[in-house]
1. Among (1) crowded, with 16+ Cβ neighbours inside 10 Å; (2) closer than 14 Å to A:Val109 by Cβ, there is one condition A:Leu173 misses while meeting the rest; what is its number?
2. So, in the stretch B:125-178, how many residues would count as being aliphatic (A, V, I, L, M) and assigned to a helix (DSSP H, G or I)?
3. So which of B:Arg131, B:Arg106 is of a type in the set (Lys, Arg), touching a Leu at 6+ places or on another chain (Cβ under 7 Å) and within 30 Å of A:Lys14 (Cα to Cα)?
4. Pairs please, first residue from the stretch A:122-135 and polar (S, T, N, Q), second anywhere and not in a helix (DSSP H, G or I), Cβ atoms under 9 Å, 6+ apart in sequence or on different chains.
5. Is it the case, given these coordinates, that A:Thr108 is more than 14 Å from every other protein chain (Cβ to nearest Cβ), among the β-branched types (Val, Ile, Thr) and part of a loop (DSSP other than H, G, I, E, B)?
6. Across the stretch A:108-130, which residue is farthest from A:Ala158 (Cα to Cα) among those that are buried (at least 18 other Cβ atoms within 10 Å of the Cβ) and over 17 Å from the mean Cα position of the chain (by Cα)?
7. Considering only residues of the stretch A:52-100 that are of a type in the set (D, E, K, R) and in a loop (DSSP other than H, G, I, E, B), which is nearest to B:Asp74 (Cα to Cα)?
8. So is B:Ser9 among the hydroxyl-bearing types (Ser, Thr, Tyr), facing chain A (nearest Cβ under 10 Å) and closer than 20 Å to A:Thr172 by Cα or not?
Protein chains: 2
Amino acid sequence: MYPTLPPSSEIPGKGSFVTITPLGNVLEGASRPVFFRGVATVCMKLFNIVQPERVYFGQKDVQQTVVIRRMVEDFHLNTEVKIGPTQREADGLAMSSRNVYLGARRRTVGVVLSQALKAAEEQWNKGKRSRNDILWAANDKAMMKMFEQGELKPKERAMFEVDYISLADPDTLEEVEEVDESKGAILSGAIKMMPLEEPQEGEECGLGGGAVPVRLIDNIILKPIKSNGPKVHFG
Amino acid sequence: MYPTLPPSSEIPGKGSFVTITPLGNVLEGASRPVFFRGVATVCMKLFNIVQPERVYFGQKDVQQTVVIRRMVEDFHLNTEVKIGPTQREADGLAMSSRNVYLGARRRTVGVVLSQALKAAEEQWNKGKRSRNDILWAANDKAMMKMFEQGELKPKERAMFEVDYISLADPDTLEEVEEVDESKGAILSGAIKMMPLEEPQEGEECGLGGGAVPVRLIDNIILKPIKSNGPKVHFG
């Protein structure tokens, strides 16, 4: 995979890279400035080696799907990008290999992210199109849960921080003030479940004993309503 | 060629780019920081569209050949890079579309670049391997010519500046202190022919009337002497 230099993870690092900007620098890329450079670079290599007719990615890492679509389009790669839906637990929590670190207490509270996004989606479904009219519902849901947990005793609660709740253009991932119905939007969010306070005797604390924070991400595609030619990305 | 954003020529520009560093930032890239990013990006697109069995580049733009070879290698592109030799005028001046801007007077002096590189190559052929033992001959040749021109009257002379004379590793383009015989080296240079002073009545001044400076580049590959497996790049 790396025939010459070993990969650098510094921003001005030495090596051969594919950068997709500003797509790779917003949302998840804001706190991990070279992450999507790594994703794009390694996928370009892999696609060139395998020459696949189709490539499959999961919608859960939605920014990755947008970066890969853009890379395939901009570099004229002869492959079709297919996106599989996010798999969810019964209560809505997006499945993730990280969930094993949550433990029972944080697991129960962690569902707030999918609930918050779902609440915002309901506003979209009701015909709301402006940022505030859509996102208030998500922010409200998160805030209520945060308040509720704050009222509990440290041995009972699971605190979290909201990293972002985003309503973004599906092609550029730029935040939108008003959703264009012909394009739809990507509703996404990230929260950080804080380390467990006062783990109790016999409590199921998850892998790592509840000591490490767990960052959860999730998203919902607000699908375009009026078709605008063939460029409908999410169907 | 550009399905989404128009290409940016700013350093932190928006878009989808292939960067090959530090290869693209030395020598010719030092004064043109996004030039090889553009070359690599546009070649990646073209190669993906055409899917060529072989691609041909000219040795005159030697840094371009090194960047493209590296890109093909690092991104596992399924194509073979072929390098064609530099075409030269009878006196040794490397042919270039830019030469039409020289005019007779600067044309005569401009040959100093190929002569300087040739002089350094002779040192290599005589068995010299250290940087100073090879490059002094090129620097001497350039300096002598510069001095000679400086002694002439403004209406007769063609002044120039040496941008660089380089002795570099053929894979990394890093300057070398001692040439590894199993790898050889790239001897390259760039000079700037200054605008003509006091053009004379009826003088052939070239396209632009001798008013614009003309930057000339040239190079000679010092071929590896002992073979080191199959990775002999220039044959």
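The values are calculated or read from the model by the stated rules, or taken from the named source; none is laboratory data. Bear in mind that the values here come from a model prediction, so they are computed numbers and not experimental data. FYI the Cβ positions are ideal-geometry reconstructions off the backbone, even for glycines, and counts take in every protein chain you see.
1. It fails just one condition, (2).
2. Adding up the residues that qualify gives 8.
3. None of the other options fit; the residue is B:Arg131.
4. A:Asn125/A:Leu222; A:Ser130/A:Glu177; A:Ser130/A:Glu178; A:Ser130/A:Val179; A:Asn132/A:Glu177
5. Numbers: more than 14 Å from every other protein chain (Cβ to nearest Cβ): yes; among the β-branched types (Val, Ile, Thr): yes; part of a loop (DSSP other than H, G, I, E, B): no.
Answer is no for this residue.
6. It comes out as A:Trp124.
7. A:Glu53
8. no
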